[in-house]
Every structure is written in C-alpha cells, then in structure tokens.
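Note sheet for the following structure.
None of the figures in this text is laboratory data; all of them are computed from the coordinates on show. These numbers come from a predicted model, not from an experiment. Cβ placement follows ideal geometry from the backbone for every residue including glycine, while neighbour counts extend to all protein chains displayed.
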Amino acid sequence: MEIRKIQKTGGSTLVVSLPKAWCQNFDLKVGSKVMLNYSEKGGIMMEPFDRTQTSSGAIVDIKKNSDMENELRMLISKYIQGVKKISIRSEDKKALDDVIRRFLEYTIGFEIIDEKGNEATLEDLISLPMLTFDKGMRRMVTLVRSIVTESVSDQKIPLEYVLEKENEVDKFNIYMQRLFSQSLKDYSVLQLNKISSSEALSYLLVSRILERIADHGVRIYSLLGDRKLNNADIKNYIKAATESMGRAMEYFFKKDVRSANLEISKKDYFKSERDIINRSLRNTQDGIVLAELLEDAERIALYSTDICELVMDYFE
C-alpha cells in the first residue's frame, strides 16, 4: 500500500501522481487513458483503458469433430465473464452454425453482426440499463409461475410451449450470472441497478432457485402427460406451493424480512400435509406417479422457503 498526497494543478484541479512501476508495467505514457470505477465503500479502482477494451472480446476456434457440448460451455463461460464480442471460427461450417444457433438460444442480447465463410462475429447489442437485475428477475418469476400452473391445468398447452418457457428461464438465469460477473468488475453496474454487491449476490442465488423450480414444474407436466390431475388434494397442494413461491418473491422484491420469516414457518405444514396425502394414496391406481408429483410440489414449496431465508440473510 502507498500513501500519496493530493496536489493542485492549474489553479483548481486536484491530482495524484501514479506509481512509476505500475505505469511501466502497462506501458502507460502521457496521453494514455485509464478507467476509473467507484466502489460502494468510497474507493476508486483504476485500470488501463486499453486493457479493459481488449478483454471485452474473444476468439474461439472450433475444431472439426470436437464435442459441441464442450464448445457451447466454453462460449457460455465467455458470455458470463462479460465478453462483449465473440469471433467464432471453424473448418466445419455445419458445426459452426450448430454451436452459434445453440449459443443464441441460451443467451440474451447477442446477435450475429458479421458472417464470412467459416467465421462469424457475435456482439452484445443489449443496453445494460434496459435489462436490470430487477426486470430480469420479474420476468423469471412470471415464466416460472406459468410453467407450474400450466403443469396441472385442465386446458393443457403443448409440451413444446412449456419447454420454450423453461428455456427462457434458463436464459435469464445465465444472464443473471453475466450481470453479476459484470458487477464484480465494474461498480457502475451496481449503480445503474441501484443495489449493493450483497443484493446483487442475492439476485444471483434466487435466479438459480427459480431455475430449479421451473425444472420441477416441467417434471410435473411430464409425469401427468396428457392426463388431467383429478386428485383434488394434490392439486390444492401444488397450488399452495405455487402461491408460497409467489409470496416469497413478493417479500424478496419488497425486502420484507418479517413476512419472509413467517413464510419459512410454513415449511412444516408442507411436510406434514405431504405425509397425510401420501398415506391416502396407498394401494390406489397411479399411486406411485401421484407420490412423485407430491415430491416435486414439496420441492417447490421448500425452495420458496429458501428464497425467504435469503431475504432474511441479505436484507435484515
């Protein structure tokens, strides 16, 4: 750590000299640009501007006969790291097209801006303030609630529509990871979102929970298939679990610690109610399937209490 005095120059401008070794390390000279980020505790983080610009792009080479899942994970990791522009190259045009298509399905904001032969350039075209933590999370809640509700609806929509909604939930979860990663590197992201770093972490954790709840909703839909759920007790149980999730998210957005604490106490109700319903299913037709439905519904309820615990941990 170094302590340096603030100097005055030009009559009114305050300046602080930069360490010579630091400037030499990054080849900074008179006229070089630096980037300043303000921390929530009042500090200033400075780094070479050219270095930040370079880190905003990436080049990915896809080899012929490579594992597409590995290549896709590599691209998504770049996305989460906050890379703004990605150039993808491959000798295999079909492999190139396939990995780009899947990458675009999993991400928000990226579009193809240039394509020549066996190389394509993708760039993030979304404006950061337009899709904040709060807006992204609210969209996730709407999608997840719809998935769980549709899973037991008498008027079922086609499975492919449910899977499209699940895919959108996954996209927003990955976007939340990207936004959180950016907030760690650039305090202005937190300023634009009007939240603290701990609140940003809470959004990240809740988005992961919502993704899991969506998975359970899809599983309930798949277990039932085209059949209607005629068991009123289970239907009411799933409805209660969905309502618990809705309340949990309401408390999260309002930072309502007291109500979140009360909701957590309902965890025992869902456990005991599941045991009661399970006993009534013994020796009944489809008893095994119905018991699995109950298990998924209970997981939704327990995940809802997990959200409430995060409200208490991060907002109290």
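What the table shows:
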| item | result |
| --- | --- |
| Helix axis angle, 287-315 relative to the chain longest principal axis, alpha carbon, degrees | 40 degrees |
| Candidate values (i) -0.56, -1.01; (ii) -0.23, -0.88; (iii) -0.41, -1.04, label of the one derived for log10 I(q)/I(0) by the Debye sum over Cα atoms at q = 0.07, 0.13 Å⁻¹ | (iii) |
| For the chain: relative contact order, % (alpha-carbon pairs under 8 angstrom, 6 or more apart) | 14 percent |
| Gain in span if fully extended, residue 268 to residue 118, counting 0.36 nm per residue against the direct Cα distance | 48.2 nm |
| Lysine pair count for segment 54-124 [Cα-Cα under 17 Å; pairs on different chains or 8 or more apart] | 7 |
| Which of 163, 122 has the fewest Cβ neighbours within 10 Å, and the rest in rising order | 163, 122 |
| Sorted by Cβ density within 10 Å, fewest first, the residues 29, 228, 185 | 29, 228, 185 |
| 23 Å Cα-Cα threshold exceeded, pairs from 165/254; 194/254; 239/267; 156/267; 235/267 | 165/254; 156/267 |
| FRET E, pair residue 135, residue 313, Förster distance 25 Å, beta-carbon r, rounded to 0.05 | 0.60 |
| FRET efficiency for residue 111 and residue 149, using Cβ-Cβ distance with R0 set to 25 Å, rounded to 0.05 | 0.20 |
| Sparse-neighbourhood loop sites, trypsin sites (Lys or Arg not before Pro) in segment 242-314 - DSSP loop, at most 12 other Cβ within 10 angstrom | 282 |
| Per-residue Cβ neighbour rank within 10 angstrom, fewest leading, 103, 315, 26 | 26, 315, 103 |
| Stretch gain in nm, segment residue 47-residue 253, where the contour uses 0.36 nm per residue and the Cα spacing is subtracted | 70.7 nm |
| Length-normalised contact order of segment 129-315 in % [C-alpha pairs under 8 Å, at least 6 apart] | 28 percent |
| 0 to 90° range, to nearest 10: angle between helix 68-81 axis and the chain longest Cα axis | 60 degrees |
| Principal-axis tilt of helix 197-224 within the chain, Cα atoms, nearest 10 degrees | 30 degrees |
